[in-house]
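Below: the structure, in structure tokens.
The values are calculated or read from the model by the stated rules, or taken from the named source; none is laboratory data. All of these numbers come straight from a predicted model, not from anything done at the bench. Using ideal geometry, Cβ is built from the backbone for each residue, glycine included, and neighbour counts are taken over all protein chains shown.
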Ligand code: SF4
């Protein structure tokens with residue numbers, strides 16, 4: 001695989017260059033791009049418009065897939081969680097959530113994660129590797145095929161959220177390239193306006209994202225109203241404080257389009273960050289910065305190996321009420337796929353009965369791989 005060109009990693013223009021380097025005309029590149037992305041074809045034999053000899057030539061130089069499906073869990077509510085494996089044996093997770101109007105796919109940007117959010121199971125893996133653009137695109141293709149079948153037109157539109165494993169702002173280049181490949185009208189045609197990127201607060205990237213004209217929406221995982229508590233729950237806060245984060249959000253606000261708002265994600269942890277005083281402090285913080293924002297309250301998903309319990313529904317409701325009494329829009333995220341451990345922060349769970357098994361599998365496979373560099377010098 002490593003010597004083969006991974007075709008989902010190429011833009012249409014790059015694919016044309018590639019086929020021309022093999023002596024084929026440009027239109028063959030366009031045919032391949034459409035087959036891979038619009039029809040979600042998984043092998044060269046499925047691209048029947050290509051001459052057989054060219055398909056053979058291609059298969060000796062390039063690959064249509066680099067991820068393989070290891071496990072599939074289907075929830076009673078229709079949520080589908082895929083455990084995928086990269087060509088170098090690292091875990092990647094993708095969750096497909098069917099909804100009435102649009103489907104949502106929650107994808108990973110890294111295998112593992114270098115950030116150490118205390119309430120997150122993925123954090124226990126550490127960073128294994130940042131994913132390539134092609135590996136991000138392929139998660140969406142595989143996920144749609146898993147739900148609907150290869151080549152079957154999807155009945156609804158698709159929203160994407162970069163909220164799976166990893167910190168997407170530390171996979172910035174891969175993510176931006178993947179978004180441009182997926183936006184191509186001749187391919188998946190999922191435009192950035194249908195994509196939300198959730199960050200734990202990589203401040204320089206927030207400024208950078210604001211400069212991109214056709215950018216995705218931004219969500220900030222906050223989960224604490226003050227530095228003291230956030231330093232514990234999300235240690236990235238020691239690098240960039242809440243004040244610096246808010247300053248970046250204020251600058252980003254200039255780029256918000258009409259009707260667009262920030263989303264602040266707040267994971268509700270029983271007896272830790274869910275008190276009335278926390279709600280009042282959060283309201284005061286958001287008011288002080290006067291941001292066009294809403295707050296998503298996310299009931300924590302307890303898992304073996306994590307020290308926190310979810311807030312009670314009554315506590316979540318009381319917290320929401322306090323925010324609303326300060327004119328802050330607050331919503332409670334409906335949990336999906338809980339029976340298959342598909343929820344936020346649980347994506348390292350290999351099997352529902354043994355969530356930490358993956359940690360061990362990964363530790364073993366990582367020790368056989370070359371050491372992996374940090375994805376960015378930012379942290
Ligand atoms: S919550 Fe997100 S950013 Fe934090 S450790 Fe988990 S995957 Fe990484």
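Can you spot a residue in region 172-181 that is part of a loop (DSSP other than H, G, I, E, B) and on the phi < 0 side of the Ramachandran plot? Within region 172-181, none of the residues are part of a loop (DSSP other than H, G, I, E, B) and on the phi < 0 side of the Ramachandran plot.
Pick from 137, 152: which is crowded, with 23+ Cβ neighbours inside 10 Å and either in contact (Cβ under 8 Å) with a residue 24 or more places away in the chain or over 14 Å from the mean Cα position of the chain (by Cα) (or both)? Testing whether each residue is crowded, with 23+ Cβ neighbours inside 10 Å and either in contact (Cβ under 8 Å) with a residue 24 or more places away in the chain or over 14 Å from the mean Cα position of the chain (by Cα) (or both) leaves just 137. Figure legend. Inter-residue proximity from region 109-125: first residues outside the structural domain of residue 164 (by TED's automatic domain parsing) and under 20 Å from residue 172 (Cβ atoms), second residues near the ligand (Cβ under 8 Å from one of its atoms) and in a loop (DSSP other than H, G, I, E, B), beta-carbon distance below 7 Å, spacing 6+ or different chains. No pairs are indicated.
Taking region 183-215 as the range and being in contact with a helix residue (DSSP H, G or I) (Cβ under 8 Å, 6 or more places away or on another chain), within 15 Å of residue 257 (Cα to Cα) and not in a loop (DSSP other than H, G, I, E, B) as the test, the residues that pass are 192, 195, 209, 210. Filtering 10, 90, 36 for residues that are in the same structural domain as residue 147 (by TED's automatic domain parsing) and buried (at least 20 other Cβ atoms within 10 Å of the Cβ) leaves a single hit, 90.
Per the listing 55, 30, the residue uniquely assigned to a helix (DSSP H, G or I), in contact with a helix residue (DSSP H, G or I) (Cβ under 7 Å, 6 or more places away or on another chain) and without any contact (Cβ under 8 Å) to a residue 24 or more places away in the chain is 55.
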